[in-house]
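What follows is one structure encoded as structure tokens, with my remarks underneath.
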Amino acid sequence: MKRMLVVLAALCALAPFAPAHAQPYPTKPIRMIAPYPPGGATDILARLISQGLTESLGVPVVVENKAGANGQIGHEFVAKAPPDGYTLLLGNSAALAVSISMYDKLTYDPIKDYAPITLAAQGALVMIVNPNVPASNLQEFLAWARSRDGKVSAGLAGVGAMHHLVTEQMRLQSGVSWINVPYKGSAPMVMDVLSGQVDFGIDNIPSSLPHIKAGKLRALAVTSAKRTPLLPDVPTLAEAGMPGIEAAAWHGVLAPAGTPPAIVAKLNAEIVKILRSPEMTKRLADLGLDPIGSSPQQFADFIASENVKWARIVKASGAKLE
């Protein structure tokens, strides 16, 4: 009996030192960082996934917008957050695949600083113009822009983002110059195209689609290999006379590096289930996004391959930022 009491006392003494992740997960609210302003594709997708996780995990999953520096502020915040599963990131192709080749210094490493959970969705970009621009197709736009002698303005949803590189590729291929106007995200850029403050921009389809359908914006081309069902009458860049320019913006869920594999696996299972639900599939299709739902390793491999791909494009375009 005395020996049993000694053993019990020893176990009680060790209890406080049990690893935190041995406790049930989750036990408190989770925050999902959307590194861009409200209203853009990243923000919309973050809120859809968070809503699904709130229902499946039984704890609030709250979206926090930490915008700035082409998404770098939000990505850095998550990279430095505790790896306990309570701070997640809805990251995207701009900050995780393009920026590392565009900037001499990044405050985070897209490969080393995160535990990838799943590639969530991807979709084409669309070239939008203010309806007052006298062009109904890409070639008419280029002719008009050429006649303006460099006075045409291009809204950039983010400096160093995929939108920026597509704009640069178009400029190089056409030989037409314009003034780049940078923004801190898609939503403010679209607002200025709507108001005529800038003439055109390359945007994610979700944030521009309602305005295109309402006739407040004109879509001239999409960046995918084939036309999107959402804009069946809008040609691809290749069809419009600019072959070789193809891009899809993608979004994925990540946690800080070092997050316990059991937590990553649990989040992966829940998010993939959400992405593949009929309700989510339809909602994403309405937004011009294709749901993916990959494994953590597949997502990690995809990020690495995208870094290689966009490094080649950045080098060819000559685009570089300090």
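The values are calculated or read from the model by the stated rules, or taken from the named source; none is laboratory data. Computed from a predicted structure; not experimentally measured. Neighbour counts run over all protein chains shown; Cβ positions are idealised from the backbone, glycine included.
Details
- Single condition GLY160 does not satisfy, out of (1) on the phi > 0 side of the Ramachandran plot; (2) in a helix (DSSP H, G or I): (2)
- First in the stretch 267-279 and of a type in the set (Gly, Ala, Ser), second anywhere and modelled with pLDDT of 95 or more and surrounded by 18 or more Cβ atoms within 10 Å (Cβ to Cβ), Cβ under 8 Å, 6 or more apart: SER277/GLY52
- Some residue of the stretch 93-106 being among the small types (Gly, Ala, Ser), touching a Phe, Trp or Tyr at 6+ places or on another chain (Cβ under 6 Å) and in the same structural domain as VAL166 (by TED's automatic domain parsing): no
- Listed here are the helices (runs of 4 or more DSSP H) enclosed by the stretch 36-145 that have at least 2 residues being over 30 Å from GLY241 (Cβ atoms) and not hydroxyl-bearing (Ser, Thr, Tyr): 41-57, 72-79.
- Of all the residues in the stretch 195-216, those that are within 22 Å of the chain's Cα centre (by Cα), surrounded by 13 or more Cβ atoms within 10 Å (Cβ to Cβ) and more than 20 Å from ARG171 (Cα to Cα) number 7.
- Of the residues making up the stretch 98-120, those that are surrounded by fewer than 24 Cβ atoms within 10 Å (Cβ to Cβ), under 21 Å from ALA157 (Cα atoms) and aliphatic (A, V, I, L, M) are ILE100, MET102, LEU106.
- When the stretch 157-182 is filtered for residues that are touching a strand residue (DSSP E or B) at 6+ places or on another chain (Cβ under 6 Å) and surrounded by fewer than 22 Cβ atoms within 10 Å (Cβ to Cβ), the ones remaining, listed by number, are VAL159, TRP178, ILE179, ASN180, VAL181, PRO182.
- The stretch 266-299, subset more than 16 Å from GLN51 (Cβ to Cβ) and of a type in the set (A, V, I, L, M, F, W, C), residue modelled with the lowest pLDDT: ALA285
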